[in-house]
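The values are calculated or read from the model by the stated rules, or taken from the named source; none is laboratory data. It should be emphasised that the depicted structure is a prediction, and the values quoted were computed from it without experimental measurement. Glycine also receives a Cβ, built like all others from the backbone with ideal geometry; neighbour counts cover every protein chain displayed. Note: areas computed on protein heavy atoms with side chains; ligands, DNA, RNA excluded. Shrake-Rupley method; radii C 1.70, N 1.55, O 1.52, S 1.80 Å.
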Amino acid sequence: MSTPNTSHKRGKAVRDGVLAAAVNELLNTGFDGVTIASVAESAGVHVTSVYRRWRTKEQLITDALLNHIDPAVEVPDTGDLRRDLIELTTNLHESLSSPQSKAMLRLASMPLEIDRLDEARRRVLDERMDAMGVVLDRAVHRGEIAATIDRRLALEFLHAPIYTRVLLTRDQVDEAYIGGLVDLLLDGVRVR
């Protein structure tokens, strides 16, 4: 019986190596193909080093994805609500289209109770809500929309169709589609 070629990495080096290996394994084999043993082998560490830090594959994959995804959202400021919303929605689509984000979304939709995953959901939504708030506040100040707009509903109105197309239907999301979504939202919220 051969023993895996493991190094004597410690601390941060082990953690970083394992997290990178986990993302790589996830992207190459899918969630069902990832095992703690395969990640340990890819990272060049002993399997007990992985289990010592992560008790389950779900916890490992969650930490790996969180380590590789930046929830920060650039807030556009074009001086026009329509253009700002198109930029925000385009940013959402681009961020959801990365393999890491798709894997995170699949994991987030699984019936798992992982505190870090819940934390990630809140962090991503909070970042997007903050960006939407800034865009809408500017539009209110310019007189483009009323101050009574429901920010969360506006965000969900633009996000839900993008999530649906990325995760479920895999229909194309292009500039015309995003522009149509924004126009539909604006038809309902513009000051008349």
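Quick look at the values:
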{"item": "Charge dipole magnitude, Cβ of K and R +1, D and E -1 - the chain, Cα centre, debye nearest 20", "result": "700"}
{"item": "Segment residue 74-residue 12, length gained on full extension (0.36 nm per residue, minus Cα span)", "result": "19.4 nm"}
{"item": "Percentage relative contact order, the chain, counting C-alpha pairs under 8 Å, at least six apart", "result": "20"}
{"item": "Estimated D of the chain in µm² per second, where Rh is the Kirkwood radius over Cα pairs and Stokes-Einstein applies at 25 °C, 0.890 mPa s", "result": "131"}
{"item": "Label zone at residue 148, where the point sits 7 Å out along the Cα-to-Cβ direction: region 174-190 residues whose backbone N lies under 16 Å", "result": "188-190"}
{"item": "Ratio of Rg to Rh over region 21-86 (Cα coordinates, Kirkwood Rh, two decimals)", "result": "1.29"}
{"item": "222 nm mean residue ellipticity, helices alone, for the chain (DSSP H n ≥ 4; -39,500 (n - 2.57); rounded to 500)", "result": "-21500 deg cm²/dmol"}
{"item": "Relative packing of 38-44, 26-32, 132-138, 146-152, which averages over residues the other C-beta atoms within 10 Å, highest first", "result": "38-44, 132-138, 26-32, 146-152"}
{"item": "Acute angle (nearest 10 degrees) that the helix 99-108 long axis makes with the longest principal axis of the chain, alpha-carbon atoms", "result": "90"}
{"item": "Positive dipole terminus of the chain, leading residue within 160, 69, 40 (C-beta point charges)", "result": "40"}
{"item": "Surface accessible to a 1.4 Å probe, per residue, for the residues of the chain, Å²", "result": "57"}
{"item": "Stretchable slack from residue 98 to residue 122, in nm (0.36 nm times residue separation minus alpha-carbon distance)", "result": "6.7 nm"}
{"item": "The chain: most fluctuating residue of 68, 141, 93 per GNM, C-alpha cutoff 10 Å", "result": "141"}
{"item": "Extension gain (nm, one decimal) between residue 48 and residue 165, 0.36 nm per residue minus Cα-Cα", "result": "38.1 nm"}
{"item": "Protection proxy ranking of 18-25, 56-63 - average other beta-carbon atoms within 10 Å, highest first", "result": "18-25, 56-63"}
{"item": "Accessible surface of the chain, 1.4 Å probe, proportion on carbon and sulfur as whole %", "result": "50"}
{"item": "Degrees between helix 175-189 axis and first principal axis of the chain (Cα, 0 to 90, nearest 10)", "result": "50"}
{"item": "Between 0 and 90°, nearest 10: helix 151-163 axis offset from the chain longest Cα axis", "result": "60"}
